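Here's the structure, in structure tokens; my notes come after.
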Amino acid sequence: MLGGGQLGRFFVLAARQMGYRVVVLDPDPGSPAGALADHHLVADYTDRAALDEIAARCAAITTEFENVPADSLVHLARSRRIAPSAECVAIAQDRIREKAAIAAHGLPLGAYAPIHAAADLERAVLYPGVLKRARYGYDGKGQARVAGIDEARAAWEAFGRAPCVLERLIPLQCEVSVVVARGSDGAALAFPVAENRHRAGILDVSIVPCGLPTALAEEARDMAVRLARALDYVGVLGVEYFVSEGRLLVNEIAPRPHNSGHFTIEACATSQYVQQLRALCGLPLGDARLLTPAVMVNVLGDAWRGAEPDWSVVLGEPRAHLHLYGKAEARPGRKMGHFTVLDAERERALAAALALRTRLGIGDD
């Protein structure tokens, strides 16, 4: 596993449950996945000696975040099975390439323009809009709302004149996501659609099943499968959508398990992490159906407020499942854990999850 965050931690747990041994490569000696791995290589993702060691130790290699250098995956692919491919990861790393690939395969996008130079900001008639760095942006970082050309210029300067995309603001009904798994045999299965609520650009709550009409939810799943097949993707892929005026618009993709897919651990017949393992190892995919409605709440470092939260608040709710990621330091905006509430009724699960969220001091919704 390249990457040692919480997504990697859940992968390690899934792999060990199935009897596999796991090596994690991550530069952080205290990484959540590294703490549970059979062996943790503390090194940079470009360190050739470390890459050669993980290749020597492992039969198959995957990643848990999209900013692992694609060149490192190319190097590893010369001797080992890699999923997803370096090409798929490289596409997802760059918003300009990502949007071009999505459009090339006939999936709907909002209006956008690549920004490479100041003149591109002048030519783009997409105001008001959102300017986003093409690379290394996540959880709302590297993004700025711009009402017009003057704000766009200032934001582009603040981003160090890095390549960007400018997206026109759209009337937004909601945001949803689909996690799809595809095996090397071409079989693909989509998990149920999650309805996502964000706070300060970071995922806050995911609700499953989503509130979309059935036909639109099925379209979201079908589009995710189409995209995975078009990219010849192997592994688990997160596809995020905007819902605007009754239509789905692809926002972005993530070449890994997705935070909005945490609900699959308890609520689905197979979790997204087990699917990742199955796809990586060339095994048949598991059943992706939903067993029960679920609501997932992210717990950020903001909840600490000088002391660790009282987890008995969550553990006292029989329908709730708490996951803490083992991170040593709680910081505002840092994902420290999550909890998922299950109930036979979606609205009861949502009400219980939001009540727990308020009691933990996460929010007042």
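Here, each number is a calculation from the coordinates, and none is a lab measurement. Please read these numbers as outputs of a predicted model, since none were measured by experiment. Cβ placement follows ideal geometry from the backbone for every residue including glycine, while neighbour counts extend to all protein chains displayed.
Here are the numbers for the structure shown:
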item: Derived scalar couplings ³J(HN,Hα) [the range 116-133; Karplus, 6.51 cos²θ - 1.76 cosθ + 1.60; whole Hz; x for Gly, Pro]; result: 10, 8, 4, 5, 5, 5, 5, 6, 6, 9, 10, 9, x, x, 10, 9, 10, 4
item: Theoretical FRET efficiency, 1/(1+(r/R0)^6), r = Cβ-Cβ of T46 and L324, R0 22 Å, to 0.05; result: 0.10
item: Least to most buried among V176, V165 (fewest other Cβ within 10 Å first); result: V165, V176
item: Pairwise label distance in nanometres, Q17 with A187, each label 7 Å out on the Cα-Cβ vector; result: 1.9
item: Student exercise, the chain dipole from Lys, Arg, Asp, Glu Cβ charges, in Debye to nearest 20; result: 360
item: Distant-in-sequence amide H partners of V234 (H built 1.01 Å from N, under 5 Å); result: S85
item: Residue-by-residue Karplus 3J(HN,Hα) for the range 46-53, coefficients 6.51, -1.76, 1.60, Hz, glycine and proline x; result: 9, 6, 4, 5, 5, 4, 5, 5
item: Size of electric dipole in the range 213-365: Cβ of Lys, Arg +1 and of Asp, Glu -1, about Cα centre, debye, nearest 20; result: 340
